[in-house]
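The structure under discussion appears below in the form of structure tokens.
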Amino acid sequence: MQVDIIAEAEELDNSGKRFFIDRWERDVSNLNSGYGITAVLEGGGLLEKAAVSISVVSGTLTPARARAMCERGRPGVDIQGGQPYAATALSLVFHPAHPKVPTLRADVRRFEVGGSAWFGGGCDLTPAYLNEADARAFHAFWRRLCDRHRPAPSLYEECKAACDAYFYLPARREHRGIGGVFFDDMAAGAPGGGGAVVAEAFACDVAAGVLPSWRGIAAARRQDAFGPAEREWQLLRRGRYVEFNLLIDRGVRFGLDGGRVESIMVSAPPLVAWRYMAEPKIGSAEAALLAVLREPRTWA
């Protein structure tokens, strides 16, 4: 699937740029071993930076990694660490050059600790400028996909609520973007989330749906006009993206504790900005975005 995503991303980018393919192996130690492929495109036409990564790692849980799992109430994990674990993940992030094209982030992953396995993942949209039709289309796509697995009680509504709750910066009192779907701790080979969802099938469907949920939005928005003011606002919003990754994101915190730093930080945007008290003018397009980030809406 990584190969297919890379091929489609290069076609969408349409600049002639190609992904740099970095195949890596982690040195075997008394705690961890693993391998992966980190693919990165930089300086493209549509994509200022894009990363599509796979990783397969195993080892022994450190106390810090065990705490990161226990914080969300994951049963069967010893908070002191010391248990064997295995993790497999596919992840991507697309940071567009155009301020009107929203950032796309997605992943699917499988964890196993002490003989217990579970799936997680999701897909979410982080725009610098709100386009309500795009937001409705994105969420409608994911509602349809979720409904194929469990229409009632609504798997989509459960995953949307989880996405809104997770991608939140308490210090800013803002959500990182307009959400999407997010799921975690969905037991492998068993019903999950309160209904008959087969976790592996759902995770595969989520992975297959990522680019179809975004490509039409990207194709339309890249035609929109923009200037230096819109670019500056995009860079300011990217600052929030970095804040979330470093302060909140569980995957980053898990990975930085003994993980491969280049593969963990590849999700960061290439250029960001911070400006003191950067509040937009009342009634502006920038203010319209902030209103939605502070009070999430129902889109589908």
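For F254, the conditions (1) assigned to a helix (DSSP H, G or I); (2) over 30 Å from A152 (Cα atoms); (3) of a type outside the set (D, E, K, R); (4) modelled with pLDDT of 85 or more are fulfilled apart from (4). Identify the residue in region 126-167 that is among the hydroxyl-bearing types (S, T, Y) and either crowded, with 19+ Cβ neighbours inside 10 Å or outside any loop (DSSP other than H, G, I, E, B) (or both) and, among all such residues, is farthest from the chain's Cα centre (by Cα). Going through the qualifying residues, I end up with Y129.
Residues in region 274-289 that are under 21 Å from I178 (Cβ atoms) and among the aliphatic types (A, V, I, L, M): A278, I282, A285, A287, A288, L289.
So, G120, is that one within 30 Å of S58 (Cβ to Cβ) and free of Cβ contacts under 8 Å to residues at least 12 places away in the same chain or not?
On the way: within 30 Å of S58 (Cβ to Cβ): yes; free of Cβ contacts under 8 Å to residues at least 12 places away in the same chain: no.
The answer is no for G120.
Looking at region 104-117 only, could you name the residues that are of a type outside the set (D, E, K, R), assigned to a strand (DSSP E or B) and surrounded by fewer than 23 Cβ atoms within 10 Å (Cβ to Cβ)?
Here is the first cut: in region 104-117, the residues of a type outside the set (D, E, K, R) are 104, 106, 108, 111, 113-117.
Checking which are assigned to a strand (DSSP E or B) leaves us with 104, 106, 108, 111, 113, 116-117.
If the condition is that a residue be of a type outside the set (D, E, K, R), assigned to a strand (DSSP E or B) and surrounded by fewer than 23 Cβ atoms within 10 Å (Cβ to Cβ), then F111, V113, S116, A117 are the ones that fit.
From the list R72, R18, pick out the single residue that is at pLDDT 95 or above, surrounded by fewer than 20 Cβ atoms within 10 Å (Cβ to Cβ) and touching a helix residue (DSSP H, G or I) at 6+ places or on another chain (Cβ under 8 Å). Checking each option against the conditions leaves just R18. The condition of being in contact (Cβ under 8 Å) with a residue 40 or more places away in the chain and in contact with a Pro (Cβ under 8 Å, 6 or more places away or on another chain) holds for only one of L145, L125, that being L125. Note on region 86-102: residues that are buried (at least 20 other Cβ atoms within 10 Å of the Cβ), of a type outside the set (A, V, I, L, M) and in a strand (DSSP E or B) amount to 4.
Residues that are modelled with pLDDT under 90 and either exposed (fewer than 14 other Cβ atoms within 10 Å of the Cβ) or over 30 Å from A87 (Cα atoms) (or both) within region 258-277 comprise V261, E262, listed in sequence order. Filtering region 27-43 to residues that are charged (D, E, K, R) and modelled with pLDDT of 80 or more leaves only E42.
A Cβ distance below 8 Å, combined with a sequence gap of six or more or placement on separate chains, defines the contacts here; from region 212-234, residues that are of a type outside the set (D, E, K, R) and surrounded by fewer than 17 Cβ atoms within 10 Å (Cβ to Cβ) reach residues that are at pLDDT 95 or above and assigned to a helix (DSSP H, G or I) in the pairs P212/F141; G216/A137; A219/L12; A220/D134.
The values are calculated or read from the model by the stated rules, or taken from the named source; none is laboratory data. Owing to the predicted nature of the structure, the values given are computational and were not obtained by experimental measurement. Positions of Cβ are backbone-derived with ideal geometry, glycine not excepted, and every protein chain shown enters the neighbour counts.
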